[in-house]
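Okay, so here's the structure we're looking at.
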Amino acid sequence: MITSLQDTIKLNNGVEMPAMGLGVFQVENDTTAEIVKNAIELGYRSIDTAAIYGNEAGVGEGIKLALASTGLNREDLFITSKVWNAGLNYEETVSAYEESLGKLGLDYLDLYLIHWPGQNKFAESWTALEDLYQEGKIRAIGVCNFNISHLQDLLKTARVTPVINQVEFHPRLQQRSLRAFCKEHNIQLEAWAPLMQGGLLEDTTIAKIAEKYGKSNSQVILRWDIQNEVITIPKSVRKERMAQNADIFDFSLTDEEMQIINAMNLDKRVGPDPEVFDF
């Protein structure tokens with residue numbers, strides 16, 4: 001049962017990951033430090049970045065500032081980054097990991113992900129992640145934007161099962177077949193663009209539910225994520241919005257309300273389709 005911002009979900013390797021965190025996609029590096037510091041001071045413990053975002057250094061500085069201001073330890077935080085598709089052979093992946101670690105100013109990552117599958121480019125990269133994991137340099141490894149076919153190919157040769165598949169997930173794209181496959185293989189689903197990049201903030205169906213609880217559309221959607229046992233990492237640059245997004249643990253959606261939101265699925269993406277999009 002997830003009842004607070006610090007509550008965790010146990011991944012398939014036993015590592016505990018916060019059920020909710022902060023994403024920093026499209027956040028400028030020179031503003032990232034203050035945003036990350038604010039988030040950690042508000043109680044966020046999970047921060048999700050990526051090499052391609054260009055803000056790992058800012059995330060690292062924000063972590064350093066927050067640890068100084070809060071008295072927390074590095075071990076209290078859960079930091080995720082991702083290898084970009086320009087570096088998916090074995091040596092490139094190891095080098096990309098070390099570069100990310102250096103920019104973040106950290107000794108290890110809690111989670112490292114392959115950002116996109118490309119056209120079956122990920123085999124060598126996954127082997128590199130497995131080795132880094134088994135050497136104790138990463139606490140957990142996973143993937144992003146993998147459809148069922150990608151996961152099936154990966155699992156044929158994988159020595160380590162991914163702990164996470166981070167994918168676009170929101171009421172208009174509910175990924176039901178993929179969620180079922182991940183559940184069958186004990187791979188935790190994590191949502192990026194949980195608010196459909198703002199596309200659902202004025203939705204009237206969700207607004208009716210939100211009005212009942214005195215909440216915003218974003219709070220209802222994030223609560224729906226949590227009750228679906230999907231890890232969620234909404235992006236926000238404003239401290240008050242981060243606080244609002246986190247204020248979702250004092251109410252629960254009824255089964256009927258969950259079904260109303262479930263019925264909104266249109267299999268509609270705001271990002272690329274991994275099946276056809278090659279980076």
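No lab work stands behind these numbers, since they all come straight from the coordinates. All values derive from a computational prediction rather than experimental measurement. FYI the Cβ positions are ideal-geometry reconstructions off the backbone, even for glycines, and counts take in every protein chain you see.
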Quiz item: Packing-wise, with mean Cβ within 10 Å as the measure, how do 238-251, 3-16 rank, highest first?
Solution: 238-251, 3-16
Quiz item: Given that just one value was derived from the coordinates, which of [x] 20; [y] 34; [z] 28 is percent of Cα pairs over 32 Å apart?
Solution: [x]
Quiz item: Residues of segment 107-147 with amide nitrogen under 18 Å from the 7 Å Cα-to-Cβ point of residue 277?
Solution: 113-122, 143-147
Quiz item: How many nm is it between the label spots at residue 29 and residue 251, if each spot is 7 Å from the Cα in line with the beta carbon?
Solution: 4.1
Quiz item: Tell me, what is the percent relative contact order of the chain, built from C-alpha pairs under 8 Å that lie six or more residues apart?
Solution: 18
Quiz item: What FRET efficiency comes out for the pair residue 119/residue 15, r = Cβ-Cβ distance, R0 = 25 Å, nearest 0.05?
Solution: 0.25
Practice problem: Whole Å is fine, so just give me how far the alpha carbon centre of segment 224-240 lies from that of segment 44-111. | Solution: 20
Practice problem: Between beta-carbons, use under 15 Å as the cut-off and find the net charge around residue 54, counting Lys and Arg +1, Asp and Glu -1. | Solution: -3
Self-check item: Computed FRET value (nearest 0.05) for residue 41 with residue 202, which takes r as the C-beta separation and R₀ as 30 Å
Solution: 0.50
Quiz item: Antiparallel DSSP bridges in segment 128-279: what percent, to the nearest 5?
Solution: 10
Quiz prompt | Cut-off 10 Å between beta-carbons: net charge of the residues surrounding residue 83, Lys and Arg +1, Asp and Glu -1 | solution = -1
Exercise. Could you check what % of the DSSP bridge pairs in the chain are antiparallel, to the nearest 5?
Key: 15
Self-check item: Cα-projected label distance for residue 99 with residue 6, points at 7 Å along beta-carbon direction, nm
Solution: 3.7
Quiz prompt | Within-13-Å neighbourhood charge of residue 223 [Cβ basis; K, R +1; D, E -1] | solution = -3
Exercise. Would you mind putting 98-105, 22-29, 225-232, 67-74 in packing order, based on average other-beta-carbon counts within 10 Å, highest first?
Key: 225-232, 22-29, 98-105, 67-74
Exercise. Report the extension gain between residue 68 and residue 177 in nm, rounded to one decimal, defined as 0.36 nm multiplied by the number of residues separating them, less their alpha carbon distance.
Key: 34.8 nm
Quiz item: Within segment 84-243, how many lysine pairs that are 8 or more places apart, or on different chains, have C-alpha atoms less than 29 Å apart?
Solution: 19
